[in-house]
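First up is the structure itself, then whatever we jot down about it.
The values are calculated or read from the model by the stated rules, or taken from the named source; none is laboratory data. From a predicted model like this one, the values you see are computed outputs, not experimental measurements. Cβ placement follows ideal geometry from the backbone for every residue including glycine, while neighbour counts extend to all protein chains displayed. In case anyone asks, the SASA skips ligands and DNA or RNA and just uses the protein heavy atoms, side chains included. Shrake-Rupley method; radii C 1.70, N 1.55, O 1.52, S 1.80 Å.
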Amino acid sequence: QVQLVESGGGLVQPGGSLRLSCAASRSIRRVAVRRWYRQAPGKEREWVATLMNRSDTSYANSVKGRFSITRDDAKDVLYLQMNSLKPEDTAVYYCNIYGLNFDYWGQGTQVTVSS
């Protein structure tokens, strides 16, 4: 069992930046698939970004060029750097690690983009 805890959310003005963190309760160094999702009020949860292995990344079109997913194996942390934030990025953001026999989620962190 692995617990994931997100942090770094908050209120930011349009055009601003935030970095979300997802800390794991134990080593996830061997986890191949790491993802971020988000859920806006009244909407379904949507995929944001994936990091496979060490450097294979993919992004939803809505965030491509603005968001960056990275990992720090020494700290067992997954990050989501979010730049040029827009009001439509407002959502609860969740991290996820996925494998053949497991699928773990964090509790989410709120990101609000508003002036």
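Of note:
- Number of residues in the range 15-38 that are under 16 Å from Leu100 (Cβ atoms) and among the hydrophobic types (A, V, I, L, M, F, W, C): the value is 4.
- Residues located in the range 2-37, provided they are buried (at least 18 other Cβ atoms within 10 Å of the Cβ) and more than 26 Å from Ala74 (Cα to Cα): Val12
- The criterion of at least 2 residues that are more than 25 Å from Val2 (Cα to Cα) and in contact (Cβ under 8 Å) with a residue 40 or more places away in the chain is met, among strands (runs of 3 or more DSSP E) falling completely within the range 12-115, by 109-113.
- Positions within the range 60-115 being under 28 Å from Ser27 (Cα atoms) and open to solvent by 80 Å² or more (accessible area, probe 1.4 Å), in sequence order: Ala74, Lys75, Tyr98, Leu100, Asn101, Trp105, Gln107, Gln110
- The criterion of being of a type in the set (A, V, I, L, M, F, W, C) and out of contact with any Lys or Arg (no Cβ under 8 Å at 6 or more places or on another chain) holds for Ala74.
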